[in-house]
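Worksheet: one structure, shown below.
No lab work stands behind these numbers, since they all come straight from the coordinates. Because the structure is a prediction, the values reported are computed rather than measured. Cβ: placed from backbone, ideal geometry, glycine included. Neighbour counts: every protein chain shown.
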Amino acid sequence: EAQVTQNPRYLITVTGKKLTVTCSQNMNHEYMSWYRQDPGLGLRQIYYSMNVEVTDKGDVPEGYKVSRKEKRNFPLILESPSPNQTSLYFCASSQRTDKNSPLHFGNGTRLTVT
Amino acid sequence: AQSVAQPEDQVNVAEGNPLTVKCTYSVSGNPYLFWYVQYPNRGLQFLLKYITGDNLVKGSYGFEAEFNKSQTSFHLKKPSALVSDSALYFCAVRDMNTGKLIFGQGTTLQVKP
């Protein structure tokens, strides 16, 4: 089954403790992206990647890192999480960055930072 | 800058009645527009898209959307709502330079029996 898989689904951590949210897709997509969803703000892009070893900042990249060493994986790293990073996070991928490719989303990771 | 607006936080309809979820956009050039639905504890699911061609686009689960260039709108519609349509709906426009989807704030659709 074609899918985007994120882990974990739920994560509670404390301020400053490094964490990684994994994302993997099995559709051989070049394009991958991370979004955070907050009430009243919709979804905002954190980082994106056009292909292996190519990453770039989205709208809200502060406090986050990503890497794209393989085509299928695009982990999101929080080196020193803070409470304002409490949010619902989604990974997404698409075949290309052209207009005909809708994004496929994972089921989300709900992160709470205390 | 490209943007999308969903003017209604919530839309309430009775089952069997037609529904409309509104979306307006602001882009330079031709818009590439999408609708997604989010059910509780799930990711976003693609419903339909407008790239070019017919102004009435048909999508999944009986939904359709009407593209109106003069009004810069892309409203989501369904002739007969189901209780199971209750969910959070997002309109989005694609930034062709970065591939980013720019989302509206979302509209909660509540369909009551």
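Annotations for the structure displayed:
- Here the spin labels are modelled as points 7 Å beyond Cα on the Cα-Cβ line, and at A:Lys65 and A:Arg96 they lie 3.3 nm apart.
- Theoretical FRET efficiency, 1/(1+(r/R0)^6), r = Cβ-Cβ of B:Asp54 and B:Met96, R0 30 Å, to 0.05: 0.90
- Computing FRET efficiency as 1/(1 + (r/R0)^6) for B:Lys69 and A:Asn73, where r is the C-beta to C-beta distance and R0 is 35 Å, gives about 0.30.
- For region B:3-112: relative contact order, % (alpha-carbon pairs under 8 angstrom, 6 or more apart): 38 percent
- Average other protein chain Cβ within 10 Å of Cβ, residues B:31-43: 3
- A straight Cα-to-Cα reach below 18 Å connects B:Lys78 with the lysines B:Lys22, B:Lys49, B:Lys58, B:Lys112, residues fewer than 8 places away in its own chain not being considered.
- The calculated FRET efficiency for the pair A:Thr20 and B:Tyr61, based on their C-beta separation and a Förster distance of 35 Å, comes to about 0.50.
- Our estimate of slack between B:Val83 and B:Asn41, defined as 0.36 nm per intervening residue step minus the Cα-Cα distance, is 13.4 nm.
- In a reduced charge model with +1 at each Lys and Arg Cβ and -1 at each Asp and Glu Cβ, chain A shows a dipole moment near 200 debye about its Cα centre.
- Local net charge near B:Asn55, Cβ-Cβ under 14 Å (Lys/Arg +1, Asp/Glu -1): +1
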